[in-house]
Amino acid sequence: MDSTRQRILVIDDDPLMRHIVKMALAKDNYEVAEADSGANGLEQAKTNRPHLILLDIMMPDLDGYEVCHRLRSSPTTVNIPIIMLTALGEIGDKVRGMQMGADDYITKPFDPRELRSRVEAHLRRSIRDLSASPLTTLPGNPIIEQVMRARLAAREPLAVLYIDLTNFKSYNDIYGWLQGDEVIKLLSHQILSIVLTLGGKDDFIGHVGGDDFIVISTPDHAEALAQEIIRAFDAQIPQYYNETDRARGYLEVSDRQGNHFQAPIISVAIAIIANDRRELKHPSQVADAAAEIKRYVKSLPGSQYAFDRRRK
């Protein structure tokens with residue numbers, strides 16, 4: 001398994017145990033983040049979403065059971081695999097952890113080989129079961145459709161933001177796909193942070209693929225989310241260009257036919273489809289409406305958003 005970009009969050013108040021875990025995982029080239037308390041771990045999990053969490057049970061502020069429960073109660077962290085680290089030998093303690101939503105447990109002291117094996121297995125299963133993006137860890141299309149169907153069936157206020165980048169292909173052609181991945185990660189981190197700050201507690205974020213994202217929210221939050229995503233992205237994207245391209249505000253690009261053109265700085269296009277004006281029944285109906293609105297938005301200069309104003 002290619003673990004180059006796999007982020008592991010270790011939540012444990014014992015610095016020695018965090019060091020042991022970090023050294024064990026370093027052999028497989030994982031990126032390991034550390035949290036010294038349950039509260040710190042919850043904050044890190046939401047703001048810099050990891051691929052997997054290793055969670056100690058016995059901690060002084062919030063114990064591992066409560067942290068696990070809160071992670072499973074948040075739409076932004078509900079699908080992250082959790083392996084609990086425990087020195088407790090009682091079956092009842094382990095069962096309680098699983099009931100709180102943990103995916104597995106490992107008893108301390110542990111063999112580093114066993115830890116690495118379990119981490120790899122759960123990461124592989126997570127990507128397979130959720131079709132999650134290895135780049136952003138966000139749920140992919142199967143989960144997106146599942147959530148969409150459930151929200152539509154509930155007939156509650158719904159607004160879906162389809163978020164896409166304009167001029168991204170030209171950027172990839174010039175700067176390469178590795179740098180393009182950094183832009184995608186920038187956008188995903190911004191969306192996560194903004195939805196956590198301005199969205200509702202049940203808002204959902206998915207990664208459709210490539211530079212396409214989706215946020216399932218409510219009509220009263222949709223416009224503020226779109227405005228802040230655009231503001232944040234426009235403020236940071238110039239840093240992803242070299243000084244020359246940044247100063248002139250565009251790239252010099254040639255298409256496959258050898259025609260030269262100028263590709264502006266990457267911008268964000270957001271199409272918003274809501275059920276406050278018309279009834280929405282099926283995910284394909286939402287997707288079709290969004291595709292039409294997004295085509296219009298992408299024809300406009302710079303970062304823009306637009307609502308589907310139709311009543312039928």
**Prompt:** Mind checking Rg over Rh on segment 141-307, alpha carbons, Kirkwood formula for Rh?
**Reply:** 1.00
**Asked** Mind listing the phi-derived Karplus ³J(HN,Hα) values for segment 15-27, rounded to whole Hz, using 6.51, -1.76 and 1.60 with θ = phi - 60°, and x for any glycine or proline?
**Response** x, 5, 5, 4, 5, 4, 5, 4, 5, 5, 7, 4, 5
**Calculated Rg and Dmax of the chain using C-alpha coordinates, Å** = 21.4, 70
**Request:** Label segment 7-130 by shape, choosing from rounded, prolate and oblate, from the square roots a ≥ b ≥ c of the eigenvalues of the Cα gyration tensor; if a/c is under 1.5 it is rounded, and otherwise prolate applies when a/b is larger than b/c, oblate when it is not.
**Result:** rounded
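Using unit Cβ charges (K, R positive; D, E negative) and no other charged atoms, how large, in debye to the nearest 20, is the dipole of the chain about its Cα centre?
Approximately 1040 debye in magnitude.
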**Asked** Within the set LYS46/LYS169; LYS22/LYS201; LYS27/LYS94; LYS46/LYS281; LYS46/LYS185; LYS27/LYS108, which residue pairs have Cα atoms separated by over 24 Å?
**Response** LYS46/LYS169; LYS22/LYS201; LYS27/LYS94; LYS46/LYS281
**Item:** Check: segment 29-184 dipole with +1 on Lys, Arg Cβ and -1 on Asp, Glu Cβ, in debye
**Value:** 580 debye
**Item:** C-alpha long axis of helix 38-47 to longest principal axis of the chain, angle in °
**Value:** 20 degrees
**Request:** Could you let me know the centre-to-centre spacing of segment 1-55 and segment 220-257, using Cα atoms, in angstrom?
**Result:** 31 Å
**Prompt:** Once phi is turned into ³J(HN,Hα) by the Karplus curve 6.51 cos²θ - 1.76 cosθ + 1.60 with θ = phi - 60°, what whole-Hz value does each residue of segment 61-69 show in order, with x for glycine and proline?
**Reply:** 8, 10, 6, x, 4, 5, 4, 4, 4
**Asked** What nm distance separates the two modelled labels at ASP36 and LYS298, each placed 7 Å from Cα along Cα→Cβ?
**Response** 4.8 nm
**Prompt:** Label points 7 Å out from Cα along the Cβ direction at ARG309 and HIS260: separation in nm?
**Reply:** 4.1 nm
**Message:** What does the C-alpha gyration tensor say about the overall shape of segment 264-306? Classify as rounded when a/c is under 1.5, otherwise prolate if a/b is larger than b/c, or oblate.
**Reply:** prolate
**Complete:** For segment 21-64, shape from the Cα gyration tensor axes a ≥ b ≥ c, cut at a/c of 1.5 then a/b versus b/c, turns out oblate
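FYI, it's all coordinate maths here, none of it is from the lab. Keep in mind that this is a model prediction, so the values were computed, not measured. Cβ sites come from the backbone with ideal geometry, for glycine too, and all protein chains shown count toward neighbours.
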